[in-house]
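The values are calculated or read from the model by the stated rules, or taken from the named source; none is laboratory data. Treat the numbers as computed from the prediction; the structure is a model and nothing was measured. Every residue, glycine among them, receives a Cβ derived from its backbone with ideal geometry; neighbour counts consider all protein chains shown. Surface areas here come from the heavy atoms of the whole protein model, side chains and all, with no ligands, DNA or RNA. Shrake-Rupley method; radii C 1.70, N 1.55, O 1.52, S 1.80 Å.
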Amino acid sequence: MLERYRRYYLPVILILIIMVAFFMRVYRASDYMTFLGDEGRDVMVVKRMIVDGKFTLLGPTASVGGFFMGPVYYYFMAPFLWLSRLDPVGPAIGVALVGTVTVYLVYVSTSALFSPVAGVVASLIYALSPIVIAYSRSSWNPNIVPFVSLLLVMVTMYLWSKRDLKFSLIAGVLIGIGIQLHYVFLFMAGWYGMMILFHSALRTNWKIYAASIGGGLIGFSPFLLFEIRHGFSNIKAIVAFLSSGKDTGFDGVQALVTSASVIYRLVSRELFRIPDTAMLLAMDPNPRLLWNTITPILVIIFLIGFFWPLILHVRKNGVSHKSLTDKVVWPYLFIASWIIIPSFIFGLYRKPIYDYYLGIIFPIPAIMAGVVISKVFSKNRIVGALMVVVMGSYLLAGMPFLNEPNRQLLQAKTISAAVLEHTGGKPYNFALLAGANSDHAYRYFFEIWNRAPITIEYEGVDPERKTVTDQLLVVCEDKTCQPIGHPLWEIAGFGQAEVAGQWDVSVVRIYRLVPYRGADTMEKEQK
């Protein structure tokens, strides 16, 4: 029966799951994708690589610390932006494709560690998890971290079993790439190092270390070249950030609390759809109490259910290297190390931990759920199938595209077109007034339409003020907006101005400022 399942039913089921996963990640992508300042900055950099030949060795800015990441994500974006003819939806589709491949890798890795049934269930759950889908529908460097992280885990699995040097080289390359995508991938480097040390044959083989370091240098080489050329400025900033003690440091109790909260949030957000902290705080007390009471119980039961075979084995055989490397329990230990080591390192971080930081361990809850349900299925197929249906339906009910789309891409394009319309086809300066957004999304469209604004330079660079045009177009995203006299450089550098027109477009207000003419001039014009 099992052989028949593998030969006939498994390929069909897996293809259907992959098709569903792809649909969930690309459905109305342009309507739901995030396209704000950061995304505009990224596509602008990649557009200049494709069209202008301006290649880069520097990536996006890190969210903390004031340093930059490597450029590997820009090179990932390039073919998709080129294929979409510079439409920003192209890289978003690229991320969706990677997210779909990750679903397949969840199946492969879970099948190798546990069983094909567990692999199928795990891939289905990962395909349907709303938070996973949400981070697979937009172009952003952390969004492909789960793919690289899972690849590293699989390569480490093969290194453990086959002890082939090439796998340590590949692992190093993946670590170098992952760190360029997000510095939280350093936690996976720590996990990989611990897995090498835990393996009795690997930890004494110096070639493994040499190959891993060599691969890391290869994967990290684009960014490393920049650092060599610029005196290791970013690496110094990273070291200063880690050694300052303000945002990192060891506090035993707090580290354990943070580590536990990371594991709880990962499982509860991915499998049980618990709302994020902000949404919980905005809820009425009764539903909030319900979420905060039932979800921890479900998470604890779920974790015990997964680790129960390991718990029984340890009770029977004790804790020893031989016991923990037993072929029956080492897959559980492998998954345990993957979630515990990074979570413990998170405990050393004192700033807020956002959901996307957890991308390095995103596949774990789905793998665990696949194993738990497969165990039930082996005992009672009806109950196991019912669990799959219930969980699949529950996850489907939380799909991110069931809500009204944000249409951020269309908004940016519409607003950019309106700005250009009100310039009258003449040279212009541009400014954006917004609380927490940059103007790159608008500037991207100005640039690809060959109508880029003129950037106002400082007097030392432009003493004759040739970069100041006769009009300044200001987009106001804030509800209350007073562009006249605003200290923003693009407005202050324009000089004394007056409003020549204002228009409400989409969700913003556009102002057209012109140099101040004075009351006398205005009176003469009125006469």
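Within the stretch 424-527, the chymotrypsin sites (Phe, Trp or Tyr not before Pro) that combine a DSSP coil assignment with at most 11 other C-beta atoms in a 10 angstrom radius are TYR458.
Exposed loop sites here are GluC sites (Glu not before Pro) assigned a DSSP state other than H, G, I, E or B and surrounded by at most 12 other beta carbons within 10 Å; excluding them, the longest clear run of the chain is 1-458. Against the chain, whose longest principal axis comes from its Cα atoms, helix 72-83 is set at around 70 degrees. With the alpha-carbon atoms of the stretch 35-91 aligned to their principal axes, the span from lowest to highest coordinate is 35, 23, 16 Å, starting with the largest. Considering only the Cα atoms of the chain, their convex hull presents on average a projected area of 30.4 nm².
Please compute the volume of the convex hull spanned by the alpha-carbon atoms of the stretch 356-400 and report it per residue in Å³.
Working: hull volume 2.4 nm³, N = 45.
Per residue, the Cα convex hull of the stretch 356-400 comes to 54 Å³.
Ranked by solvent-accessible area (1.4 Å probe, protein heavy atoms only, all chains present), the residues THR156, THR293, THR480 order from largest to smallest as THR480, THR293, THR156.
Counting only alpha carbon atoms, the long axis of helix 363-379 and the longest principal axis of the chain meet at about 40°. In the frame of its principal axes, the stretch 385-527 has Cα extents of 81, 37, 27 Å, reported largest first. For the residues LEU113, LEU224, LEU386, LEU169, a 1.4 Å probe over the protein chains yields an accessible-area ranking, largest first, of LEU386, LEU169, LEU224, LEU113.
Taking a ≥ b ≥ c as the square roots of the eigenvalues of the Cα gyration tensor of the stretch 186-245, is the shape rounded (a/c under 1.5), prolate (a/b larger than b/c) or oblate? It comes out oblate by the Cα gyration axes. Under conditions of 20 °C and 1.002 mPa s, the stretch 24-179 yields 127 µm² s⁻¹ as its translational diffusion coefficient, taking Rh as the Kirkwood radius over Cα pairs in the Stokes-Einstein equation. Taken over the alpha carbons of the stretch 259-370 as equal point scatterers, the Debye sum produces base-10 log I(q)/I(0) values at 0.12, 0.16, 0.17, 0.23 Å⁻¹ of -0.50, -0.81, -0.89, -1.32.
Between TYR458 and ALA336, what FRET efficiency follows from the Cβ-Cβ distance if R0 is 41 Å, with the result rounded to 0.05?
Working: r = 57 Å, r/R0 = 1.38.
So, using R0 = 41 Å, E works out to roughly 0.10.
Neighbours of ILE361 by Cβ distance under 11 Å: Lys/Arg scored +1, Asp/Glu scored -1, total 0.
Return a whole-number percent for the relative contact order of the chain, with Cα pairs under 8 Å and 6 or more residues apart as the contact set. Write out the running numbers ahead of the final one.
Details: 746 pairs, mean separation 95.4, N = 527.
So the answer I get is 18 percent.
Separation of the alpha carbons by more than 19 angstrom is noted, of LYS47/LYS426; LYS54/LYS236; LYS162/LYS327; LYS426/LYS466; LYS162/LYS207; LYS54/LYS466, for LYS47/LYS426; LYS54/LYS236; LYS54/LYS466. Here the Kirkwood formula puts the hydrodynamic radius of the stretch 331-453 at 19.9 Å, using every distinct Cα pair. Converting the Cα gyration tensor eigenvalues of the stretch 115-206 into ellipsoid dimensions via √(5λ) gives semi-axes, longest first, of 26, 18, 10 Å. Between LYS207 and LEU16, the distance separating the two model label sites (each 7 Å from Cα on the Cα→Cβ line) works out to 4.7 nm. Computed from backbone phi with θ = phi - 60° and the Karplus coefficients 6.51, -1.76 and 1.60, the 3J(HN,Hα) list for the stretch 393-408 is 5, 5, 5, 4, 5, x, 4, x, 8, 7, 7, 5, x, 7, 6, 5 Hz; x is used for glycine and proline.
The C-alpha atoms of the chain define a longest principal axis, and helix 37-50 lies at about 90 degrees to it.
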